[in-house]
Amino acid sequence: MISGWTIVVDRGDLAGTEVLRDEPPSASDLSDCEVLLRVSRVGLTANNVTYGVIGDAIGYWGFFPAGGPGRGVIPLWGFADVVESTVDALPVGTRVYGYLPMASHLVVRARLTSSGFVDTADHRAELPAVYNSYLVTSSDPAYDASLEDLQVLYRPLFFTSFLLADQLADNDFHGARTVVISSASSKTAFGTAHRLRSRGVRLVGLTSPRNVEFTTGLGLYDAVLPYGAPVDVEPSVYLDFSGSPDVRSALHDRLGADLVEDISIGLTHQATSQDPRTSSFFAPDRLRKRTADWGAQGLAERFGEAWHAFTAQAGEWVAIAHHTGPEGLVEVWQAVLSGGADPGTADVITF
C-alpha cells in the first residue's frame, strides 16, 4: 500500500495542484546523518502563498525540489516526528518543529545544534540558514504541546514581529512616537502591535473596511482606520505590511516631513527611492545581529518569554479550523490562494 504523498503546484499557476503518491524511504535508504521525518501538523496562511508568488526571486522553490520542470512544492511551517534515523541523538519518536514540504515525509541530513539540528542537504546549502534549522520540542523554551495549533500558525510570523519590534525600539522609533501599520489585520502586523503595546508609542492600524471591526476587536491598536481615512499629522514611523504603492503615497502626501521612517517589511517590493527615510526590514538580518549579541540561548529565552505572552491572548482572537489529509491541505490551499479569507479564522491541517 502506497502511504507517501507530495503535493506539487504549477509554478506559473499556483492553483494547479497534483497529489503525487509514492512510498516513503525506508531505513535502508538512509545515508549517514540522515533522518526520515513524517509530517504531522502544519499551518497554512497567506504567508505560504507569498512563498509561491516570489519563489523564483527568493529561492523558496529550492527547499523541496520535486515534481519536474515548471512545478514545485510549497513550504509550510509545522511539526514532524522522526520515524527512521541514523543519528543517535535523534531517535525514533523525536518531535521537531520547522520548515516542511507539502508532503507526508522529508529526509534531512542532520547536523546537531544545541536546540535541534540543521539540514545540511546539498540543495539547501545556499538558502537562508533560518529556514534550514529545526527545533527539537523537548529542548525548545517556547514549546507547549497544548499550543501546537497556535505555533504552526503564528510562530514564524511572530518571530518576524518580535525582531521588527526589537529593531524599532533599539532605534528609539527614529524619534517618532506614533507607528502606523498597514494590513493591520494580518498576523505579522498585529503580532508586531502586541510587542509594541508597552513601548510608549501610539499604534494606528490601517486595514480594509471589511476588516476594521475584527482589527478593532483585537484591542492592540490605539486607532483603527480604513484605507483612505486621514491619519493624524504627527511624527510617525510607517510599517508597510501591505506593499501598496497607493497607501504609501497617500501617507507620504499626508504626513510630509512628519513621516520620519517608511519601512517595508520582509519581501514586499517597493519602487526604488532616493528618499533616505525608506528602508526594508528582513528578519534573517536582524536574527543574525541578535544571535551575535545575545547568543542562541539568550535569543531563545527572550523569544520564549515574548511568545508565551502572545499566545496567552492569541487563542482568543482567531478561530482555528481543522482539516485532515492531503485532500484537506489542497482544499485549504485553494481557499487561501483565492483571497478574501476571514482574518478571524485560521487553518491547521493534520496527517
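Considering T350, T291, T278, which residue is among the polar types (S, T, N, Q) and modelled with pLDDT of 95 or more? Result: T350 is the single residue among T350, T291, T278 that is among the polar types (S, T, N, Q) and modelled with pLDDT of 95 or more. Using the structure shown, decide if A145 is under 25 Å from H322 (Cα atoms), surrounded by fewer than 21 Cβ atoms within 10 Å (Cβ to Cβ) and at pLDDT 95 or above. Answer is yes for this residue. With respect to being closer than 22 Å to D285 by Cα and touching a Pro at 6+ places or on another chain (Cβ under 8 Å), V130 fits the description. Restricted to the stretch 243-349, the set of strands (runs of 3 or more DSSP E) holding at least 1 residues that are over 17 Å from the mean Cα position of the chain (by Cα) and within 20 Å of A165 (Cβ to Cβ) comprises 259-265, 278-281. Determine if the stretch 77-97 includes at least one residue that is of a type outside the set (D, E), over 24 Å from the mean Cα position of the chain (by Cα), modelled with pLDDT under 95 and outside the structural domain of S183 (by TED's automatic domain parsing). No: the stretch 77-97 contains no residue that is of a type outside the set (D, E), over 24 Å from the mean Cα position of the chain (by Cα), modelled with pLDDT under 95 and outside the structural domain of S183 (by TED's automatic domain parsing). When V73, V83 are checked against the criterion of being within 29 Å of A321 (Cα to Cα), touching a residue at least 24 places away in the same chain (Cβ under 8 Å), out of contact with any helix residue (DSSP H, G or I) (no Cβ under 6 Å at 6 or more places or on another chain) and surrounded by 21 or more Cβ atoms within 10 Å (Cβ to Cβ), a single residue qualifies: V73. Restricting attention to the stretch 175-224, the residues being assigned to a helix (DSSP H, G or I) and surrounded by 16 or more Cβ atoms within 10 Å (Cβ to Cβ) number 15. Filtering the stretch 300-331 to residues that are crowded, with 17+ Cβ neighbours inside 10 Å, among the aliphatic types (A, V, I, L, M) and modelled with pLDDT under 95 leaves A300, A314, V318. Would you mind stating whether G298 is in the same structural domain as S104 (by TED's automatic domain parsing) and either of a type in the set (G, A, S) or in contact with a Cys (Cβ under 9 Å, 6 or more places away or on another chain) (or both)? No.
Based on what the data block shows, is Y99 of a type in the set (F, W, Y), closer than 24 Å to G304 by Cα, touching a residue at least 40 places away in the same chain (Cβ under 8 Å) and surrounded by 15 or more Cβ atoms within 10 Å (Cβ to Cβ)? In short, no. Listed by position, the strands (runs of 3 or more DSSP E) inside the stretch 78-145 whose residues that are over 29 Å from D347 (Cβ atoms) number at least 3 are 105-112.
The values are calculated or read from the model by the stated rules, or taken from the named source; none is laboratory data. This one's a predicted model, so the numbers in the text were calculated from it and none came from an experiment. Note that we place each Cβ from the backbone using ideal geometry, even for glycine, and neighbour counts take in every protein chain shown.
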